[in-house]
Structures are given as structure tokens and as C-alpha cells.
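The values are calculated or read from the model by the stated rules, or taken from the named source; none is laboratory data. Everything numeric here is computed off the predicted structure, so don't read it as measured data. Note that we place each Cβ from the backbone using ideal geometry, even for glycine, and neighbour counts take in every protein chain shown. Areas reflect the complete protein model, heavy atoms only, side chains present, ligands, DNA and RNA absent. Shrake-Rupley method; radii C 1.70, N 1.55, O 1.52, S 1.80 Å.
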Amino acid sequence: MAASVTSNSRLSMAMARTGQWVFSQEIPTDVVVEVGEAKFSLHKFMLVAKSNYLRKLIMESKEPELTTINLSEIPGGPEIFEKAAKFCYSVNFEITVHNVAALRCAAEYLQMTDKYCDNNLAGRTEDFLSQVALASLSGAIVVFKSCEVLLPLAENLKIVQRCIDFISAKACNEANFPSRSPPNWWTEELSILDIEFFGNIINAMQQRGAKSSTLASSLITYTERSLRDLVRDHSGNGIKTSDPSNPVLRIKQRELLNSIVSLFPSERAAFPIHFLCCLLRSAIFLKASSSCKSELEKRISAILDHVTVDDLLVLSFTYDGDRLFDLDSVRKIVSGFVEKEKTMAVFSVGDFRETCSSSMHRVAKTVDAYLGEIATYGELSISKFNGIANLVPKGARKVDDDLYRAVDIYLKAHPDLDEIEREKVCSVMDPLKLSYEARVHASQNKRLPVQIVLHALYYDQLKLRSGVEESNNRTPDNAITTRKQLQGDVSLIKENEALRTELLKMKMYISDMQVNKNKNNVQGTSSSTSATKVNGSSTKRTFFSSVSKKLGKLNPFKSGSKDTSNIEDVVDITKPRRRRFSIS
């Protein structure tokens, strides 16, 4: 409504001014020129003297007395026609960088060229373009901006191309040799352009060999100005955006974002990581095209070793900070970085599972800290939590303390998990890679499943039994050696348990034989009983001899182990018989 009132007031003022200099001629007007809603009462002979278009229109008219001419399609509308009419009446007016392009197009439309009349409007505007408008970067940008509503005539007259050539050359020069402060002042000037015209400048600068950092600076400034409510706040604290129910605005922003990303230079590391994270959050929020989101994810993945926890949090949360986005983008980013590291390890003839780069270690630490930040949210499922944690290779974590902290926070924030679900959460960490402090904490942590607590306790018991002292600030330097030692001890325990089971079976077998023997000999005589005892002792002697041989084969102490703690309640079969119990 305000724009309509302003437009009408301008028309009224233009018509009033026209009336002043027209009526001063003291000759009645004979033609009315209509331009949109504005009407101008003019003289035919003044118009045809400079405009070949109007002359042919009047001369070739089938009406004997043409009194009305409609010029609603003239470039620039009523305001520009007023200046063109003034030129026909030799009334002075000002040509500026804001109206020179429109005047040049209007002169072409009205055929007010030097071919028809010397020193005509077309020649005047061409001189101003060459000598004034295209002599400074700021002036050329304003002229270029005015051409947005003058297409395609401005393109046909080469005004657009002349502006592109001049602006791109000047911008490259300013980027390399700044003429004023701040050095990137020209990026603010370019940000007034429509995205299509801005893209023309960026492409022209690329063809001129502009640096990727120069192009990135322009794109960042343009994005922050055109999508201010979405990406201006890099902190990620979240600001209230404009009405999300406005579909027209969101569609416009989505198209703008897709166009901006398509202009990115080829160099992956041209943009700062926080800017890319804000842009990807905007792409998720606006439901941008898959190609747009994929490009942003690849660029973030390429420089993920420079990412901070705050950057990932910016990427993960909605603008109000209350809800988590779908974490699919985070998984793709981390996965892409890991794949890149694997490829580099292959080319460097290394084993990625055993040795990881310092960049991979930094990313692992950041991811673990990030998991600790998002673990408190109830909508974070176990599969999503484990999915991100398992993306980081085991060898990338020197210790699992940060991951243990994230697991503990998750268990505390989700108290309703059963034992199996808690074991799934804890499966992402290795209890053998916890520091001494973390193991002490884990051994007393009631939220952890019993299996993890036992692992922590058993590891410390192994250290004590093997006589290895560990200071408070020491971490297991060689997890592989420790794991092999643990596996060996576990194997010994299994052998001892098998021997113990075998001995128990033998003991039960002997007991059964004793019971059966007593039943069979209840009815026997004393002599037969005595004979049976002799025969029984002989049989018993033969059986224990075979058992002794079998135990000799299963002897767990052949290797010199002195651990007898696992052998209990075993029949002593090695003690020699005392002769006084012999029947002889």
C-alpha cells in the first residue's frame, strides 16, 4: 500500500512539472501520451523532431487526427518518459548512474539516435556511460543493478556485458590491491545485485583468474546479506526467524540458497567451517535440493579436522535450539572424512587400523565430545548414537574416556533402558582403553551394565597380579599387547575350569560306584564281604591308577603356573597309601 501511494505521488508530481514547462509554450497541446496510469499532454511537432518512432507512429496513423498515443511499454516507465520528453523540449534534467541505463534503453525504444538527429538522447547517454558511470566500481554496480528491470533491451545494447567486464576487472584489482578500507568494501557493493547478475560477476572473476579466497569473500558477504535471518548468526544460539508458515518466502530463500551454492569455487577449503555449517543448517531447514546439501556436506567433510563441537551443534539443532535435526548429514560428513583418511593411508602404504593421522585423532576427540552434548536429548535413539560413535575407527581413539563420558550421559538421560539396551549403548567403547580414573569411576557406576563393570575390575586385577604399577595420569599405551595378555589369561582360566569340571565328574562317578557296591553287598556273608573288600580294593586301586594317568595329561601346571586358586574340593589322589591298611 505504501509503495502504491509513493508511486501515485511521483506520477502526480511528474505530471505537474510537465504541465509547467509545456504550458509555458503558450501553444495548445494536440496529443496525449499515456504511460501506464500517467498521462502527458504534449505537442506533436516537439516530439517528432527528436523521436523517429513517434514520427512514424503519427505519420502512419490511420486516424486523421491522432490525439492519443500509448507508450506503456517504454523502458523505465513514466519517470523516464518524462525525461525523454524534456529532452525533446530542450528542458534541462540530470543524468545519473541510477537512470542512465533506463534513458539509454528509452532512447533506443523511441529511436532518439544521432542517425535521426544530431546530439540526440542516445548519444548523450552513451557519453555518460563511458565517461562517468563506467569510470568507478561503485557507479558501474549501480548501473548494472538498474539493468535488472531493463532486460532484454539492456543486453541487446551491450550495457550488461560492459558492466560485467568493468566490474569483474575492478573487483579483481581491488582484491589484490585495495584502494580503501576495509579491504573487502567492494563485496558489500556487489551484494545489492540480484543473484543472477551477481553470478555473472562471479563467473567473470573466475575467468579472470581470481583467487578462491576472493570469490569466497564475495559469496560470504552476499549470503549474509541476502539470507540474514538464516546464516548471519554463526554462534548457533538460534534466533527467531520470520514466519515459517510463509511458503512464498521459504521458496524464494530455497532457490536463492541453491543458486549461491552452485557458484562456489572448486577449492574445497575456500570457506570457513562455521560458515559452511550454518549454510548446511539452512539447507536442511529450507529443504534445499539434494545436490545443494551434498555439496555442503562434502566441503565440510574435507576440512572436518578444523571443526569444533560448537560447529557441529550449529549443524545439528533447529533455530530455536530445542530440537535435533535428522543427524543423517553429520553421519555423512564424518563417514566422508574417514573414507578420505583411509584412501590417504592406502597411498602412503600404511595400515589405517593401526596408525591414524593426527587429523583423525582430532576428529575422533571432537566427535566424542559432540556425542556428549547431544546425549541428553530424549529423541536421540540408541541406533543414532551408536551409528555416529562407530563411524570413528577404534584406532583413532588413544583412550575412550570422552566416549565413556558420552555413554554415561546417555544412560543418565535415558534411565528407562533395560540391561540389553544399556549393553548396546556401552558396546561402542572398549573398557581396556579407559584411563585409571575412568576405570575407577566405571567400577562404581551403577548405570553401567554388569559386564562392563566386570571388565573394568578384571583389568585392574590383572595389572595388580602382573605387578604392573600404573600412575594416576598414565593410560594404556599399547592396547594390543594388553589385549593379548588378557586373552592368554582368559585361555588359562578356561583350561582350569575345564579341569575342574572333569574332576567333579570323576568324583560323582566314584560316589555312584560306592552306592552301587553297598547295595550289592548288603546280603553277603562276612567271608564274601572280606573277599569283596579285597577285590574292591584291587579294583579301586586299578581305577585310581587310570585316573592318575588322566590327571597327569590334564595337569594345568606343566607350564610352570602356580595359580591354584581355581582348584577346589579335589580328591587327593597323589597321597601314598599307608601300608597298615593293606590286606597283606
* Can you tell me the FRET efficiency between A135 and R228 if r is taken as the Cβ-Cβ distance and R0 is 45 Å, rounded to the nearest 0.05? => 0.90
* To do: Place the peptides 255-266, 417-428, 216-227 in order of packing, highest mean first, counting for every residue the other Cβ atoms within 10 Å and averaging per peptide.
  => 216-227, 255-266, 417-428
* Of the GluC sites (Glu not before Pro) in region 53-134, those whose Cβ has at most 10 other Cβ within 10 Å and which sit in DSSP loop -> E60, E65, E73, E94
* Structure fact -> Probe 1.4 Å, all chains present, heavy atoms only: K44 accessible area in Å², nearest 10, is 30 Å²
* Structure fact -> In the neighbourhood of T68 defined by beta carbon distances under 13 Å, the net charge of the other residues (Lys, Arg +1; Asp, Glu -1) is -2
* Asked: So between N390 and K115, what do we pick up on full extension, going 0.36 nm a residue minus the alpha carbon distance?
  -> 91.3 nm
* Any chance you could check the Cα centroid distance between region 158-219 and region 279-342 for me, in angstrom? => 29 Å
* Cα-based radius of gyration of region 310-444 once divided by 2.2 N^0.38 Å, which approximates compact folds -> 1.09
* Asked: When Lys and Arg each count +1 and Asp and Glu each count -1, what net charge do the other residues less than 15 Å away from A369, Cβ to Cβ, add up to?
  -> -4
* Computed FRET value (nearest 0.05) for K342 with E373, which takes r as the C-beta separation and R₀ as 22 Å -> 0.25
* May I ask you to rank C356, C147 by accessible area, largest first, using a 1.4 Å probe over the protein chains only? => C356, C147
* Asked: Going 7 Å from the Cα of K424 toward and past its Cβ, which residues in region 361-397 have a backbone nitrogen under 14 Å from where you end up?
  -> 380-388
* With labels modelled as points extended 7 Å from the Cα through the Cβ direction, what inter-label distance (nm, one decimal) is found for Q161 paired with V32? -> 4.3 nm
* Loop sites in region 281-325: chymotrypsin sites (Phe, Trp or Tyr not before Pro), DSSP, at most 15 other Cβ within 10 Å -> F325
